[in-house]
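This report refers to the structure that appears directly beneath it.
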Amino acid sequence: MGFDINREPRSVKTVIGVSPQETTLSEHLSPLENLELIAGLRGISPDRARKWSKAMVEIMGLEERSKDQVRKFSGGMKRRLSIAMALIADPAVVFLDEPTLGLDPQARRALWEYIASLKGEKTILLTTHYMEEADFLSDNIAIIDSGKIAALGTSMDLKTLSMEKRTIVINAWNITIKAIDLIRDKYKEVKINGNSLSISGKYLDFKETTDFIHSTGAIIRSAYFKEPSLEEAYLKITGKELAG
Amino acid sequence: MRFTKLAIRNARETYRDPLALGFLIAFPLLFMLLFGAALGGNSDFSYTIGVVDKDKTGVSEQFVTQALDSVPILSIATFETDTLAGDSLKNGDIKAFIVLPSGFGEEITKSWQQENPDIVLDLVYDESDLTVSSQIISAINISVREFANIKIPITIRTSHINVETEVSQMDFIAPGIIIFGLLIMVPTSARIMVRDKETGFMARLLATPTYPWEFIAGYSASMLVVAIVQIIIFILLAVAFGMNVVGSLSLAFLIFFLTAVCSISIGMIVAALSKSENQAEPLCWIIAMPLAVLSGVWFSREIMPEYIQFMGDLFPYSHAVSAARMVIIRGAEFSAVSESIIIIAIWAIIAFITGIVLFRYKMRA
């Protein structure tokens, strides 16, 4: 959009919508009144603001309570309204700060679905401490540690970046003692738990490994590369796992 | 206009919050009720005053025996000369004495005949007790006006101060209490904005392209509605408790309204400087309570040392109190209180602009 935030703060404000971390609403106003207020402050005419607000209330599933004061709402309803207030007047860039903080899993999932549906329509900057939320919603993720960007990329980029070695998990029958000895001789990091084998190594090849296990007489039922979670990637990148 | 949207929102927030509304209306109301009950009711006490009748006409005699004698708080003692009455005053036998000059009866008769009278009374009183003297002046004034059947205030020439009209306790105290009620608008005005800061709602508002002046105007305008309601309630209550509005009610209302604007603007300054209600509340009271004392809302400023009076003069509230008393008690016209009104208005404008500047500075910070 080409606006300088230092020199043109007002211009920047005309193209952004913000949902702060705290569920900050005007508690004694109804959802419609809250939405109309923000729309009005964003320069929308009263008629359009009213129509837009009604539409947003419907999208957020708040139409039955559209005239109630929001102080009586549940956390989930307030969150939805807060996001609606960030989205009203169609800003090009939306900032969502911890949008699902404190929500139950059902409400969180519903909100994720809605935010995901906005992909492609606008740029959304979402901050969260929930790694699964970032993984589910984000095209690009920045891991911020002590106020600095520690890593930036797609979810897969970050997971790969954090991966020092690869792990193949194999579920097999007929893992004999002899087979275990052969596997331990070939691979340095082997974990065995019943019928499950977990083999780790920096240059592990999937086909070669499964062929070798097969050659020991074990019957492979399933095998897959274990992908690190974003949370593991976060801990690796920030070094927090050491502190823990 | 964005500020009107903010104003409507803020008014709704206040109107729908019983606690906030209760604080805004009930707190000053409680003061008014207490003072009204304490000072406005009927009392059994009476003051003995002396009368020196130099007119010695039937009318003057009638005034003494019928008009003055029928005032519940006055007992009358007559004296032949000023000296005798003065001695009695020095002895403490009487609280004051009034001199009916030659021609008094003639002036009263003029008044009865719908002509313009020039009624001048000389009053000598015990200056050690200003409150009592003011009540006596008030009682005499009312009785003369009723007796002469005139509506304009008469002239009472006193030996120590130039009080020219009736002053009952309630007349004296009510304007001060109303100003005090409007002073309390400093914390209440700051409250909404500070709470929005504390809850983070302000952060959301600041993300909209709203100008600093629109914020200040929006928060202020919502309080103006409250101020107008407060002023009306105060005036009605004060009248119910016996305040006698001699001057223009609309002029008194203007003074009160501008004072309210001052309080709201000062409240905006506090709100711009404070991050939380915990910061704002003490700051407001630190400002409001000393100003209340300095401005003479409860007591006459004449009993205060000169330097305290000077300090009070620096702020708008002392001007508001004196202007309101002049209009309500003495029936002063606009020209007589214009200087005070200008000072209050300038204060309101400066405080409003300061609020905007500070808010803008804090926004950038």
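Where a number appears in this text, it was derived from the coordinates with a stated rule and is not lab data. The structure displayed is predicted, hence computed values, not measured ones. Cβ: placed from backbone, ideal geometry, glycine included. Neighbour counts: every protein chain shown.
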Just grab the label-to-label distance for residue B:109 and residue B:333, each label 7 Å out from Cα along the Cβ direction, in nm (one decimal).
3.0
Using a Cα-Cα cut-off of under 16 Å, which aspartates and glutamates could be cross-linked to residue A:186, ignoring same-chain neighbours fewer than 8 residues away?
A:205, A:208, A:211
Extension gain residue B:62-residue B:48, at 0.36 nm per residue separation less the Cα-Cα distance, in nm?
3.2 nm
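Given a Förster distance of 22 angstrom, what is the FRET efficiency for residue B:311 paired with residue B:285, based on the Cβ-Cβ distance and rounded to 0.05? Please list the in-between numbers first.
Details: r = 18 Å, r/R0 = 0.82.
So, using R0 = 22 Å, E works out to roughly 0.75.
Counting other beta carbons within 10 Å of each residue's own, what order do A:131, B:243, B:1 fall into, fewest first?
Numbers: A:131 19, B:243 26, B:1 11.
So the residues, fewest neighbours to most, are B:1, A:131, B:243.
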Determine, from the Cβ-Cβ distance of residue A:214 and residue A:140 and an R0 of 35 Å, the FRET efficiency 1/(1 + (r/R0)^6), rounded to the nearest 0.05.
0.30
Among rounded, prolate and oblate, which fits segment A:9-139 when a ≥ b ≥ c are the square roots of the eigenvalues of its C-alpha gyration tensor, a/c under 1.5 means rounded, and a/b larger than b/c means prolate?
oblate
Positive minus negative residues near residue A:112 (Lys, Arg vs Asp, Glu; Cβ under 15 Å)
-2
Between residue B:362 and residue B:76, what is the label-point separation in nm under the 7 Å Cα-to-beta-carbon projection?
6.2
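Past the 19 Å Cα-Cα mark, which pairs from B:197/B:362; A:165/A:191; A:54/A:78; A:159/A:207; A:191/A:226? Walk me through the numbers on the way to the answer.
Numbers: B:197/B:362 11 Å; A:165/A:191 14 Å; A:54/A:78 16 Å; A:159/A:207 22 Å; A:191/A:226 13 Å.
Over 19 Å apart, Cα to Cα: A:159/A:207.
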Scalar couplings 3J(HN,Hα) for segment A:82-92 by Karplus 6.51 cos²θ - 1.76 cosθ + 1.60 (θ = phi - 60°), nearest whole Hz, x for Gly and Pro, are 4, 5, 4, 5, 6, 8, 5, 6, 6, x, 6
Residues with amide H under 5 Å from that of residue A:17, placed H, sequence gap 5 or more
A:93, A:94, A:95
Okay, helix-only estimate at 222 nm for the protein assembly as shown: each DSSP H run of n ≥ 4 adds -39500 (n - 2.57), divide by all residues, round to 500 deg cm²/dmol; what do you get?
-18000 deg cm²/dmol
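Using Cβ counts within 10 Å as a stand-in for footprinting exposure, how do A:125, A:25 rank, fewest first?
Details: A:125 14, A:25 25.
Ordered by Cβ neighbours within 10 Å, fewest first: A:125, A:25.
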Cα centroids of segment A:26-71 and segment B:281-303: how far apart, whole angstrom?
43
For a label point 7 Å from the Cα of residue A:180 along Cα→C-beta, name the residues of segment A:200-220 whose backbone N is under 16 Å from it.
A:216-219
With every atom except the alpha carbons ignored, what do you get for Rg and Dmax of the protein assembly as shown, in angstroms?
39.4, 142
Expected sort for B:87, A:97 with the fewest Cβ neighbours (10 Å cutoff) up front is B:87, A:97
Would you calculate the separation in nanometres between label points at residue B:236 and residue B:83, each defined as 7 Å from the Cα along the Cα-to-beta-carbon direction?
5.8
At 0.36 nm per residue, and after removing the present C-alpha to C-alpha distance, how many nm does the segment from residue B:116 to residue B:229 gain when stretched out fully?
36.8 nm
What list of ³J(HN,Hα) couplings, whole Hz, do you get for segment A:44-52 from phi and the Karplus terms 6.51, -1.76, 1.60, once you set θ to phi - 60° and write x for glycine and proline?
7, 5, x, 5, 5, 4, 5, 5, 4
Counting other chain Cβ atoms within 10 Å of each Cβ in A:19-29 and taking the mean gives 6
